[in-house]
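Beneath this line is the structure, given in structure tokens, with notes to follow.
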Amino acid sequence: MMLHLDREAPLQHQIYDQLKHAILSRRIKGGTRLPSSRALADRHGVSRNTVLIVYEQLLAEGYLETRPGAGTFIGRSMPELKESGAQYPEPRSARPVRLSRYSERLSGLDVSTLNRGTGLRYSFNYGSVSAADFPADIWRRLLLREIRRRAGKPYLYENPQGLPELRAALADYLHRGRWIDARPEQILIVNGSQQAIDLALRVLVDPNSAVVVEEPCYSGARLACEAMGARLLPVPVDADGLDPALLPPVETGVRLAYVTPSHQFPTGGVMPAARRLALLDWATRAGTYILEDDYDSEYRYEGRPVEPLQALDRAGQVIYSGTVSKVLAPGLRLGYMVLPPDLVQPFLRAKQLTDRHTASLEQAVFAHLIRDGHFERHLRRTRRRNQRRRDALLAALTTAFGTEVEIAGAKAGLHLVVRFRGISATLAASVAEAAAQHSVGITAAEVRAGGDGASFVMGYAGLDEADIRQGVALLREVVQSFHRRSQRGRGGRLSKPVP
Ligand SMILES: Cc1ncc(COP(=O)(O)O)c(C=O)c1O
């Protein structure tokens, strides 16, 4: 048996890899006697010790067996693996994979859009935040402080509900900044809103359970409901968010209603007090829970931030979910829930079994950030910066498109919804594709019909003002080319649908 050894990789690895491959691919049959370690070492000019280590490793893994006095042999009971031509056989399934019902439902859904960063130069992706806005120096300082504090102590499993110091800090912050009166015992630290949605579905929803969602709805919530097999009851939104007059009758047996009342996603509507009270009243009569996704309301540019639904809840029917994805960074995967007292234990059990708890080092740093006053200073600073970005985007869109563009949802959050009047809604995806070719990232919005025009979500938190202006100037060229084509199409001269 000849091995092909070079001096590039460690000899021990090469001998191990080649012997194992020869055994797995059946180039050496089960039961064959191997040369002695000394003979193999001499033949290849390597030390005997190197060969001995490899033989011992292959023996320990069950590829080889020894017979006292007779030598070392290839194991007889090795299952046959077909030669694939590649160095290792391709992994392949022996039989059709049997997926769970959950996974089968999931395979019919496109969840890839959730984590999509466009990577484009002018990305108006609504998930982006600016690297320059992240308080990196403070975060580094607090992280080091925490690591020093923990020196010599093992990093053990922590409280599944979240670090007590973070829950206490959040309770104070939520009281000051969001008018929420929550005790630390009602707070559950999670890995972002997506986990809050997932836990709410696990705890409250079975396959075929009725779940109210907004129409249009945040895809992270809609997809999670669909994967769970929930029966979705979409309720249309208008400029004031979800319309409670259109909710299903209270006898429907709705188990959960998912809403974004402070800044409807994607349309941007802010739900007025009368609608909030009507929604709460409906939930009480229907005996259902409301999941309030308060994902970006720290950023409100006119007047003070809107009071959350949770702050009006007297019957313990609102499950509140907040996240740092917009205010710090989505990659931190940190979020928090405020739970009605009756739901604390069920959620806690589900969280513990899902992932034991959220990473504790980041939790500790976030707690320091709030406690030391950095967080609210950071919010004030980024609110000003995002307002400048929003103003730059509004001004650039108005200059570039004039009355051709209709803009909604600008009062809060980090994105706008823009509708180009002269372009058919059916062309939205094509416009987004053409824009991408010009390095501009925009997302076609799933906005209900109600006025003609193609609608897009445009986030602005990841760009500086100059890039916003440049991105809109490029977008103008794309949109104009679609206008021209639409006009030619209407004049009957363009037979083919565009593009
Ligand atoms: C409606 C809504 N909720 C939540 C989030 C953030 O989710 P997460 O906290 O899991 O990052 C987003 C992100 O864009 C969102 O649009």
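I'd like to know if the stretch 151-174 contains one or more residues that are of a type in the set (Lys, Arg) and either under 19 Å from residue 310 (Cβ atoms) or under 22 Å from the mean Cα position of the chain (by Cα) (or both).
The first filter runs over the stretch 151-174 and keeps only residues of a type in the set (Lys, Arg), leaving 153, 167.
Restricting the remaining residues to those that are either under 19 Å from residue 310 (Cβ atoms) or under 22 Å from the mean Cα position of the chain (by Cα) (or both) gives 167.
Yes, the stretch 151-174 contains at least one residue that is of a type in the set (Lys, Arg) and either under 19 Å from residue 310 (Cβ atoms) or under 22 Å from the mean Cα position of the chain (by Cα) (or both).
Please find, within the stretch 321-342, the residue that is nearest to the ligand (Cβ to nearest atom) out of those that are touching a helix residue (DSSP H, G or I) at 6+ places or on another chain (Cβ under 8 Å) and small (Gly, Ala, Ser). Per the stated criteria, the residue is 325. The set of residues from the stretch 100-132 being within 16 Å of the ligand (Cβ to nearest atom) and aromatic (Phe, Trp, Tyr) comprises 124, 126. Condition first: outside the structural domain of residue 416 (by TED's automatic domain parsing), surrounded by 11 or more Cβ atoms within 10 Å (Cβ to Cβ), under 18 Å from the mean Cα position of the chain (by Cα) and under 30 Å from residue 416 (Cα atoms). Can you find one or more residues in the stretch 132-148 that meet it? No, every residue in the stretch 132-148 fails to be outside the structural domain of residue 416 (by TED's automatic domain parsing), surrounded by 11 or more Cβ atoms within 10 Å (Cβ to Cβ), under 18 Å from the mean Cα position of the chain (by Cα) and under 30 Å from residue 416 (Cα atoms).
Condition first: free of Cβ contacts under 8 Å to residues at least 24 places away in the same chain and either touching a Lys or Arg at 6+ places or on another chain (Cβ under 9 Å) or aliphatic (A, V, I, L, M) (or both). Now tell me which residues in the stretch 105-131 satisfy that. Selection gives 131 alone.
In the stretch 353-363, is there at least one residue being without any contact (Cβ under 8 Å) to a residue 40 or more places away in the chain and buried (at least 18 other Cβ atoms within 10 Å of the Cβ)? Within the stretch 353-363, one or more residues are without any contact (Cβ under 8 Å) to a residue 40 or more places away in the chain and buried (at least 18 other Cβ atoms within 10 Å of the Cβ). Scanning the stretch 364-381 for residues that are in contact with a Lys or Arg (Cβ under 9 Å, 6 or more places away or on another chain) and buried (at least 20 other Cβ atoms within 10 Å of the Cβ) gives 364, 365, 367, 368.
Can residue 267 be described as in contact with a Phe, Trp or Tyr (Cβ under 9 Å, 6 or more places away or on another chain), hydroxyl-bearing (Ser, Thr, Tyr) and assigned by TED's automatic domain parsing to the domain that holds residue 342? Answer is no for this residue. Considering only the stretch 104-120, I want to know if a residue exists there that is exposed (fewer than 14 other Cβ atoms within 10 Å of the Cβ), modelled with pLDDT of 90 or more, among the charged types (D, E, K, R) and more than 22 Å from residue 5 (Cβ to Cβ). So far as the stretch 104-120 goes, yes, one or more of its residues are exposed (fewer than 14 other Cβ atoms within 10 Å of the Cβ), modelled with pLDDT of 90 or more, among the charged types (D, E, K, R) and more than 22 Å from residue 5 (Cβ to Cβ). Looking at the stretch 157-229, the helices (runs of 4 or more DSSP H) lying wholly inside it that each contain 1 or more residues that are crowded, with 17+ Cβ neighbours inside 10 Å and within 14 Å of the ligand (Cβ to nearest atom) sit at 193-204, 219-228. I want to confirm something. Restricting to the stretch 296-348 and keeping residues that are at pLDDT 95 or above and among the aromatic types (Phe, Trp, Tyr), which single residue is surrounded by the fewest Cβ atoms within 10 Å (Cβ to Cβ)? So, considering only residues that are at pLDDT 95 or above and among the aromatic types (Phe, Trp, Tyr), the one surrounded by the fewest Cβ atoms within 10 Å (Cβ to Cβ) is 347. The residues listed here are 272, 244, 249; of these, the one that is away from the ligand (no atom under 16 Å from the Cβ), on the phi < 0 side of the Ramachandran plot, at pLDDT 95 or above and surrounded by fewer than 18 Cβ atoms within 10 Å (Cβ to Cβ) is 249.
The values are calculated or read from the model by the stated rules, or taken from the named source; none is laboratory data. Note that the structure is a prediction, hence the values are computed from the model and not measured. Note that each Cβ is placed from the backbone with ideal geometry, even for glycine, and that neighbours are counted across all protein chains shown.
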